[in-house]
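The values are calculated or read from the model by the stated rules, or taken from the named source; none is laboratory data. Keep in mind that what you see is a predicted model, and the values were worked out from it rather than measured. Cβ: placed from backbone, ideal geometry, glycine included. Neighbour counts: every protein chain shown. What goes into the accessible areas is simple: the full protein's heavy atoms, side chains included, and nothing from ligands, DNA or RNA. Shrake-Rupley method; radii C 1.70, N 1.55, O 1.52, S 1.80 Å.
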Amino acid sequence: MIDIQERKYCPILKEIGEYVNNSVFMQFCTDIKARYSCNEKIEFSSCSWEYGWNVKFRKAGKNLCTIYPKEGYFSVLIVIGQKEKEAVEAILQDCSAELRDIYNQTRTGNGQKWLMIDLEDKEKMYADIFRFIDIRRG
């Protein structure tokens, strides 16, 4: 098994999936690649927020989301900027209570909300995350 914090070895997506050990991870990656015709970029982050390997999905120069792998689940980072704020807030009431709480409790900085969403199953929040990414994609 890989060490997600070992900078000298860049894992492939399958190895990260084995580390997460949750089928939702690979399903999420498959769904995002199919939906937006994009590929993953595996990068090492040395920031104090989430040190280690992460998976970024970009389309047309825009970061759609970043995945931070954990054991048994993963976190999805979605940045909601000024351009997306109105559209996100228009659908927020239809989103899961957990996602609404995350949105409302996340501080705004430089006109953006950096939403860190833990995902471990394909319940309603899974679909809601894609709704936010759809808005981010434009």
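Before moving on, here are some points about what is shown:
- Top of R100, R35, R58 by mean-square fluctuation, Gaussian network on the chain, Cα under 10 Å: R35
- Taking the Cα centre of region 6-54 as origin and assigning +1 to Lys and Arg Cβ atoms and -1 to Asp and Glu Cβ atoms, the resulting dipole is close to 140 debye.
- Calculated FRET efficiency for the pair D31/K85, C-beta based, R₀ 30 Å, to 0.05: 0.75
- Rounded to 10°, Cα long-axis angle of helix 82-91 versus longest principal axis of the chain: 70
- Helix content alone sets the calculated 222 nm mean residue ellipticity of the chain: runs of n ≥ 4 DSSP H residues at -39500 (n - 2.57) each, divided across all residues, give -12000 deg cm²/dmol.
- All-pairs Cα distance distribution in region 7-138, expressed in whole percent, bin size 5 Å: 2, 10, 21, 24, 21, 14, 6, 1, 0
- Using a probe of 1.4 angstrom and keeping all protein chains present, the accessible surface of the chain works out to 56 square angstrom per residue.
- Using Cβ point charges alone (K and R +1, D and E -1), the dipole size of the chain about the Cα centre works out to roughly 700 debye.
- Mean separation of Cα contacts under 8 Å (6+ apart) over length of the chain, as relative contact order %: 21
- Helix 124-137 vs. the chain, principal-axis angle (Cα, 0 to 90°, nearest 10): 80
- Against the criterion of solvent-accessible heavy-atom surface with a 1.4 angstrom probe, S46, S23, S96 sort, most first, into S23, S46, S96.
- A DSSP coil position with no more than 16 other Cβ atoms inside 10 Å describes the following chymotrypsin sites (Phe, Trp or Tyr not before Pro) in region 46-92: W49, Y51, Y73.
- Ranked order, E98, E89, E40, E71 - accessible area, probe 1.4 Å, largest first: E71, E98, E89, E40
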